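Submitted below is the structure of interest, expressed as structure tokens.
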């Protein structure tokens, strides 16, 4: 996975009743956009390190052209 | 199959100085039963829901205690590119339910017995499918040619 500051990571639920969660990348700790990432979760506001697995997809921040 | 390919759920990590209260809240919101305790790029330990029960609730430890006071360390780990059968062996010999998966000494995720059981169950279903079909449709075999 490659992500940058401001990108959104979406984690699918693992059970029927488990909601989809998402978080914002606030720091990239790996090289060349690689993990781990410091993220802020949208539902709880917690900041944690995130090590993406196969359940995670990244939505890249739209960068406006100058 | 490589061990890293069996990881189903993304890993969540917190810092050693964070409190057990924060750890419990992160577990609750994330739906995970274990957190990686990471300092810089180094895995210091793992904190499980069982650690919280045994070392916090059962002992009456304050909820603002640091997680590195109650985490499990050292951690049984396996290289990300190791064959999954090596993971089976570690589960067997160490009696743990989770292994930290590392690459070049850095934590990349966690593999659980549950993950491996799901994969094994799926493999067994795939293997049994031809046999099941054979049993169900045995009467459809064409007759042998008569000489």
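Would you mind listing the strands (runs of 3 or more DSSP E) fully within the stretch B:1-87 where at least 3 residues are farther than 18 Å from residue A:40 by Cα and within 14 Å of another protein chain (Cβ to nearest Cβ)?
Answer list for the stretch B:1-87: B:42-48.
Before we move on, is residue A:35 exposed (fewer than 12 other Cβ atoms within 10 Å of the Cβ), out of contact with any helix residue (DSSP H, G or I) (no Cβ under 8 Å at 6 or more places or on another chain) and facing chain B (nearest Cβ under 10 Å)? Give the steps one after another, and end with the answer.
On the way: exposed (fewer than 12 other Cβ atoms within 10 Å of the Cβ): no; out of contact with any helix residue (DSSP H, G or I) (no Cβ under 8 Å at 6 or more places or on another chain): yes; facing chain B (nearest Cβ under 10 Å): yes.
Against the criterion (exposed (fewer than 12 other Cβ atoms within 10 Å of the Cβ), out of contact with any helix residue (DSSP H, G or I) (no Cβ under 8 Å at 6 or more places or on another chain) and facing chain B (nearest Cβ under 10 Å)), residue A:35 does not qualify.
Another question about this same structure. Residue B:107 versus (1) outside any helix (DSSP H, G or I); (2) within 10 Å of another protein chain (Cβ to nearest Cβ); (3) out of contact with any helix residue (DSSP H, G or I) (no Cβ under 9 Å at 6 or more places or on another chain); (4) modelled with pLDDT of 95 or more: which is the lone unmet condition?
Evaluating residue B:107 over (1) outside any helix (DSSP H, G or I); (2) within 10 Å of another protein chain (Cβ to nearest Cβ); (3) out of contact with any helix residue (DSSP H, G or I) (no Cβ under 9 Å at 6 or more places or on another chain); (4) modelled with pLDDT of 95 or more leaves (4) as the failure.
Do we have residue B:76 as surrounded by 13 or more Cβ atoms within 10 Å (Cβ to Cβ) and either under 14 Å from residue B:2 (Cα atoms) or within 24 Å of the chain's Cα centre (by Cα) (or both) here?
Numbers: surrounded by 13 or more Cβ atoms within 10 Å (Cβ to Cβ): yes; either under 14 Å from residue B:2 (Cα atoms) or within 24 Å of the chain's Cα centre (by Cα) (or both): yes.
Considered against the rule, which asks whether it is surrounded by 13 or more Cβ atoms within 10 Å (Cβ to Cβ) and either under 14 Å from residue B:2 (Cα atoms) or within 24 Å of the chain's Cα centre (by Cα) (or both), residue B:76 comes out as yes.
Same structure, new question: Just wondering, is there one or more residues in the stretch B:48-64 that are closer than 24 Å to residue A:27 by Cβ and surrounded by 20 or more Cβ atoms within 10 Å (Cβ to Cβ)?
No: zero hits.
If I ask for residues that are at the interface with another protein chain (Cβ under 9 Å from one of its Cβ atoms) and either out of contact with any helix residue (DSSP H, G or I) (no Cβ under 9 Å at 6 or more places or on another chain) or closer than 14 Å to residue A:7 by Cβ (or both), which ones from the stretch A:54-66 would you list?
A:55, A:56
In the set A:46, A:60, which member is surrounded by fewer than 20 Cβ atoms within 10 Å (Cβ to Cβ) and either closer than 22 Å to residue B:80 by Cβ or within 10 Å of the chain's Cα centre (by Cα) (or both)?
It is A:60.
Has the stretch A:44-51 got any residue that is under 23 Å from residue B:31 (Cα atoms) and away from chain B (no Cβ under 13 Å)?
No.
The values are calculated or read from the model by the stated rules, or taken from the named source; none is laboratory data. This one's a predicted model, so the numbers in the text were calculated from it and none came from an experiment. As a convention, Cβ positions derive from the backbone with ideal geometry for all residues, glycine included, and neighbour counts pool all protein chains shown.
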